[in-house]
Structure formats: structure tokens, C-alpha cells
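Heads up: the structure comes next, in C-alpha cells.
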Amino acid sequence: MIIQIVGNIINARIIGKLSFVDVMTLSGVGYRIYVGSETFNSIGAIDFQKDQNVTLYTSLIVREDSQTLYGFENIEKRDLFESLLGVSGVGPRTALSIVDTFSINDFYSLVEKGDYSSLTKVSGLGTKGAQKIILDIKGKVDLNTPEKKSNGKVYDGKRLQVYEALISLGLKREEAQKIITQMDNQFDDVSVTLNDLIAQALRSR
């Protein structure tokens with residue numbers, strides 16, 4: 001399973017409704033990673049510079065005739081993509097379109113409210129499909145966790161970056177959330193660097 005790619009962008013292109021970036025890792029292995037338009041723009045792929053570094057959190061879809069990597073700028077979007085793939089009838093393109101259309105908070109907010117009509121804004125997704133997604137996700141996901149709350153504190157900025165770093169280092173979500181909560185006041189100190197915060201978080205285990 002390939003869950004993260006770090007390397008330099010060597011090619012990027014938009015073909016129809018799909019975008020991809022070709023990333024060369026430091027070990028000399030190249031990957032073609034399909035991304036949504038939001039990710040494509042946020043990582044600067046549209047006008048990338050030579051040897052521009054990028055980190056993408058990835059999901060590998062294996063079929064009989066292909067192996068395709070989909071990439072996202074953070075872990076939460078990657079995880080939502082994979083949750084959507086678990087809904088019967090939802091394929092990678094539809095899942096990618098949903099993740100590309102809604103922010104994490106907006107998506108879980110409409111799931112919490114049962115707002116299937118907003119989901120139908122996604123190209124190719126009808127009313128029945130949207131209702132099925134909401135019912136399925138609502139039944140599987142705890143909407144009270146910090147990164148899914150629509151009316152409480154959400155992770156952003158350095159909080160989100162430290163949280164993602166902890167998850168990528170193998171910590172369980174519950175443990176990472178507890179550490180973030182314990183460190184809450186430190187995130188507002190502009191003199192503390194991201195590396196310092198990550199180090200502090202690891203010491204708090």
C-alpha cells in the first residue's frame with residue numbers, strides 16, 4: 001500500500017476532468033498521481049517550477065487491468081476519499097469529485113444534516129446516489145471527532161499539520177487528538193515553529 005509520496009514534480013497536466021502530476025522521489029522512482037482540481041492548484045502544479053517539492057497522501061486503487069494512484073494534500077481528504085469508496089456504487093472519479101467539491105467540514109456538516117440535495121451538485125451524482133452516500137457515511141463515521149465537527153473547534157493551520165504528522169508517524173487518531181488537545185494553548189504562540197510543536201507532541205506521548 002502506498003500512502004504517501006514525497007518528491008519533485010516533473011510533469012503536470014489537465015486532461016478533461018482529470019488532472020495528474022508526475023512525481024520523482026529521491027530514490028529515483030517516478031509516480032503518476034491523479035488529483036482533483038483543488039489539489040492540483042493548491043500544490044502549485046498548474047505552473048510548477050523545476051524540482052518543485054510536493055507531499056501527497058495517496059490511495060492506490062488496484063484493478064485487474066490497472067493500478068492507479070490518487071493524491072490529496074492532507075490525510076483527512078485521503079481518508080474521506082477511501083470512506084466514499086466503501087459506499088456501494090461510488091467509484092474513484094465520483095469520490096474524487098466529492099472531495100474536490102466540498103471542504104472536510106462542509107461535507108460532514110451536510111452528512112450530519114442529511115442534506116443530500118447539496119451532494120447532487122457533484123457532476124454525475126443523482127438524488128438516490130447522494131442519499132445512499134449520506135446514510136452510509138452517517139452510519140460508519142463518528143461525527144463528534146474533532147476533525148469532523150461542524151459546530152466545534154476544528155483542526156486548521158499548525159494544529160492540522162501536527163495532527164497529520166502524528167498520524168503519518170503511526171499514532172492512532174484518538175492518541176493524536178488527545179495530544180493536540182493537551183497542547184492547545186501552544187499553537188497560538190507565533191514564536192514556536194512547526195518542528196518544535198511536532199517534537200513537543202512526540203514527547204507528550
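Values for this structure:
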{"read-out": "Subset of region 192-205 [of a type in the set (Val, Ile, Thr) and surrounded by 13 or more Cβ atoms within 10 Å (Cβ to Cβ)]", "value": "192, 198"}
{"read-out": "Residue count, region 37-70 (criterion: exposed (fewer than 10 other Cβ atoms within 10 Å of the Cβ) and of a type in the set (Asp, Glu))", "value": "3"}
{"read-out": "Check on residue 19, among the polar types (S, T, N, Q) and in contact (Cβ under 8 Å) with a residue 40 or more places away in the chain", "value": "no"}
{"read-out": "Among residues of region 169-191, those that are surrounded by fewer than 14 Cβ atoms within 10 Å (Cβ to Cβ) and closer than 15 Å to residue 158 by Cα, counted", "value": "8"}
{"read-out": "First in region 36-58 and assigned to a helix (DSSP H, G or I), second anywhere and modelled with pLDDT of 90 or more and of a type in the set (Phe, Trp, Tyr), Cβ under 9 Å, 6 or more apart", "value": "39/72; 40/20; 45/20; 46/40"}
{"read-out": "Residue within region 77-100 that is surrounded by 13 or more Cβ atoms within 10 Å (Cβ to Cβ), farther than 29 Å from residue 128 by Cβ and touching a residue at least 24 places away in the same chain (Cβ under 8 Å) present", "value": "no"}
{"read-out": "Residue 57 at pLDDT 90 or above and over 19 Å from residue 167 (Cβ atoms)", "value": "no"}
{"read-out": "Answer from 82, 112, 164, 147 - the residue that is touching a strand residue (DSSP E or B) at 6+ places or on another chain (Cβ under 9 Å) and modelled with pLDDT under 90", "value": "164"}
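The values are calculated or read from the model by the stated rules, or taken from the named source; none is laboratory data. This one's a predicted model, so the numbers in the text were calculated from it and none came from an experiment. Note: ideal-geometry Cβ built from the backbone for every residue, glycine included; neighbour counts use all protein chains shown.
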